[in-house]
Amino acid sequence: MTATVFILNGPNLNLLGEREPEIYGHETLADIEARSQAHAASLGLDIDFRQSNHEGDMIDAIHEARGKACALIVNAGGLTHTSVALHDALNAFDGHVIEVHLSNIHRREAFRHHSYVASAATGSICGFGSHGYVMALDAVHNMREQQTA
Ligand code: CA2
């Protein structure tokens with residue numbers, strides 16, 4: 001099986017580091033990509049790290065991952081709380097799906113408490129800032145180790 005992990009980031013995550021550092025931290029998405037890249041390499045994984053502000057592009061990327069990626073790490077941004085279409089696309093992906101959020105969505109506004117991604121994911125990580133991406137890569141690595149054991 002391929003060892004490529006698609007890491008998909010949704011709307012507004014390109015603004016990280018510019019505003020609301022008290023919620024999302026000071027790192028930019030490029031910083032998170034570099035950190036993810038370094039950690040993935042240490043685990044023997046390749047990553048394809050993307051961001052889009054468009055729901056259809058996110059869905060196309062999930063379709064593209066079929067046959068190309070062993071797992072998906074998804075921070076769908078605000079689409080998390082609205083998109084049945086994203087949920088359906090994730091359900092059509094055969095590998096593991098790890099949902100990541102920088103903030104703890106359950107401690108925030110009520111409209112962020114429901115996730116359409118969670119019910120299509122193997123598991124969810126939220127509230128640990130950019131370290132959540134590292135944790136998600138560790139989870140993918142551990143599940144692959146268990147599968148080959
Ligand atoms: O905590 C997360 O990672 C979120 O997925 C971030 C989303 C939010 O809608 C989710 O509820 C939780 C927001 C994306 C980032 O939005 C920014 C807006 C302004 C400045 C910086 C980031």
Stretch GLU145-ARG35 to full length: gain in nm at 0.36 nm per residue minus the Cα-Cα span? 37.4 nm
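Counting GluC sites (Glu not before Pro) as exposed when in a DSSP loop with at most 11 other beta carbons within 10 Å, what is the longest stretch of the chain free of them?
With a cap of 11 other Cβ atoms within 10 Å, the longest stretch comes to 19-108.
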Which of these, ALA118, ALA110, ALA71, has the largest mean-square fluctuation under a Gaussian network model of the chain (Cα springs below 10 Å)? ALA110
So, with points 7 Å from each Cα along the Cβ direction, the ARG108-LEU43 label distance in nm works out to 2.3
Within a Gaussian network of the chain (alpha carbon springs, distance under 10 Å), most fluctuating of ALA30, ALA76, ALA40: ALA30
Expressed in angstrom and rounded, the centroid-to-centroid distance over alpha carbons for segment 1-31 and segment 36-63 is 11
Sequence-distant or interchain residues sharing an amide H contact under 5 Å with ASP48, placed H: which? VAL5, PHE6, ILE7
Determine how many Å³ per residue the convex hull of the Cα atoms of segment 1-47 encloses. 77
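Let me have the 222 nm mean residue ellipticity of the chain computed from DSSP H runs of 4+ only, each contributing -39500 (n - 2.57), with the sum over all residues rounded to the nearest 500.
Estimated from H runs of four or more residues: -11000 deg cm²/dmol.
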Multiply the residue gap between ASP88 and HIS63 by 0.36 nm, knock off their C-alpha separation, and tell me the result in nm, one decimal place. 7.9 nm
Starting from the Cα coordinates of segment 4-148, work out the convex hull volume and express it per residue in Å³. 95
In whole Hz, the Karplus estimates of ³J(HN,Hα) for segment 36-45 (6.51, -1.76, 1.60; θ = phi - 60°; x where Gly or Pro) are 5, 4, 5, 5, 4, 4, 5, 9, x, 10
In a GNM of the chain with a 10 Å cut-off on Cα contacts, which of VAL84, VAL117, VAL97 has the highest mean-square fluctuation? VAL84
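Taking DSSP loops as anything outside H, G, I, E and B, show the longest stretch in the chain free of trypsin sites (Lys or Arg not before Pro) there with at most 16 other beta carbons within 10 Å.
Looking at the chain, 20-65 is the longest stretch - no exposed trypsin sites (Lys or Arg not before Pro) with at most 16 other Cβ atoms within 10 Å.
Where a number appears in this text, it was derived from the coordinates with a stated rule and is not lab data. Remember, predicted model here, so these are calculated numbers, not experimental data. In this analysis, Cβ positions are derived from the backbone assuming ideal geometry, glycine residues included, and neighbour counts consider all displayed protein chains.
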